[in-house]
1. Charges only on Cβ, +1 for Lys and Arg, -1 for Asp and Glu: so what's the dipole of the chain about the Cα centre, in debye to the nearest 20?
2. Alpha carbon centre of the stretch 145-159 versus the stretch 48-108: separation in Å?
3. Which of rounded, prolate or oblate describes the stretch 53-181 when judged by the alpha-carbon gyration tensor and an a/c cut-off of 1.5?
4. Based on the Kirkwood radius over alpha-carbon pairs, what value in µm²/s does the Stokes-Einstein equation return for the translational diffusion coefficient of the stretch 1-109 at 4 °C and 1.567 mPa s?
5. Just check the stretch 1-51 against the gyration tensor rule for me: Cα atoms, a ≥ b ≥ c as the square roots of the eigenvalues, rounded for a/c under 1.5, and otherwise prolate or oblate depending on whether a/b exceeds b/c.
6. Is any residue of the stretch 237-258 close enough, with backbone N under 16 Å, to a label point placed 7 angstrom from the Cα of S216 along the Cα-Cβ axis, and if so, which?
7. By the scheme Lys and Arg +1, Asp and Glu -1, what is the net charge of all other residues having a beta-carbon under 9 Å from that of K78?
8. How charged is the neighbourhood of R182? Take every other residue with its Cβ under 13 Å from the Cβ of R182, and add Lys/Arg as +1 and Asp/Glu as -1.
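We did not get these values from a lab; they are worked out from the coordinates using the rules stated. Computed from a predicted structure; not experimentally measured. Cβ placement follows ideal geometry from the backbone for every residue including glycine, while neighbour counts extend to all protein chains displayed.
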Amino acid sequence: MKTVTFPNGTIVPALGMGTWNMGDSASRSKDEISSIRAGLDAGIRVVDTAEMYGSGRSETLVGEAIRGVRDDVFLVSKVLPSNASRSGVRKACEASLRRLGTDYLDLYLLHWQGSVPLEETIAGFEDLVAAGLIRSWGVSNFDTDGMREIAGIKADTPCAANQVLYSLDYRGVEFDLLARDRREGIVTMAYSPLGQGGDLLKAPVLRQIAQRHTTSLGPATTAQIALAWVLRQENVLAIPKAGTPRHQGENFAAQEITLTREDLARIDESIAPPRRKEPLAMI
C-alpha cells in the first residue's frame with residue numbers, strides 16, 4: 001500500500017476517507033458508518049471531516065464509526081475561518097473533539113483563508129499542539145501565494161498538509177502547487193478526487209483505459225481509474241467519500257491499478273494538464 005509521510009514522521013496510507021455530506025440523513029447513517037468501518041478494517045487509516053460538514057453532524061457520525069478503534073485512525077478535522085482567532089480555534093477544536101468522542105486530533109486544518117491574520121490562527125494551532133489537543137496542523141484551499149505566506153510565519157511546528165481540490169476535472173494545482181508543497185515536505189490532501197456530479201466518470205478516455213485493467217473485484221471502473229490517476233502522484237493523499245461498504249471496497253481496490261505511460265499519455269491528450277497558472281479551484 002502506497003504511503004505518505006507527514007513532517008512529524010507519521011506515515012499513513014495514501015488512500016483515506018472523506019466524509020463531506022455524510023451524517024446529513026438518518027436513513028443513510030447506518031451505511032455510512034459501515035462504510036467507514038469497512039475502510040478501517042481494510043487498512044485505510046485517514047478519516048477526514050470538518051466542523052462545517054452538516055454543522056457538526058459529520059463529526060458526530062465519524063465519532064460513532066471510530067468508537068473503540070480510535071487508536072487505529074489518523075483523524076483530521078477543520079476549523080472555519082470565522083472561528084480561526086487564537087481563542088476561537090481552541091473553542092472550535094474542543095467542540096469538534098466532543099462531537100468526535102476523542103481527546104485529540106491527529107491533524108487540524110484551517111478550512112480556507114479568511115479575515116483572521118494567519119499569524120493568529122497558527123498561534124492558536126500551536127497552543128493546541130502544546131496542550132496535546134492536536135498533533136499537527138495544516139491548511140485547506142491554499143494556493144502558492146498562501147503557502148508562501150505561511151512559510152514566512154515563525155512557528156515551532158511546521159505546516160503538515162494542504163488539502164485542495166484535485167482530480168482530472170481540476171488539474172490546476174499541477175502547475176506549481178503540488179511541486180512546491182512536495183519540496184517543502186507538506187502533504188497534499190486531494191479532496192473530491194473522483195470529480196463532481198459524475199460527468200468525469202463518463203469520459204470516453206476513462207472507459208477505454210478501464211477496459212485494459214482489472215482488480216481483485218473484477219474489471220476496473222472509470223472511478224477506479226480516476227482514483228488511481230490521483231494516487232500515482234508522490235506525496236498526495238486522496239480522500240474520496242464512500243457512502244457504502246461496497247463503494248469503499250471499490251475505492252480500496254483502485255490501489256491495485258498501475259497506469260501505464262500509454263494510459264497517462266491518453267489521459268493528457270483528452271484532459272490536458274495546465275499550461276499556465278490558474279486560479280485555485282474550490283467547492
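1. Roughly 380 debye for the chain.
2. Measuring centre to centre over Cα atoms gives 23 Å.
3. In terms of gyration-tensor shape, oblate.
4. Estimated diffusion coefficient is 92 µm²/s.
5. It is oblate, given that a/c is not under 1.5 and a/b is not larger than b/c.
6. Label zone hits: 246-258.
7. Once positives and negatives cancel, what remains is -2.
8. Numbers: positive: R180, R183; negative: E174, D176, D181, E184, E234.
Around R182, the charge tally is -3.
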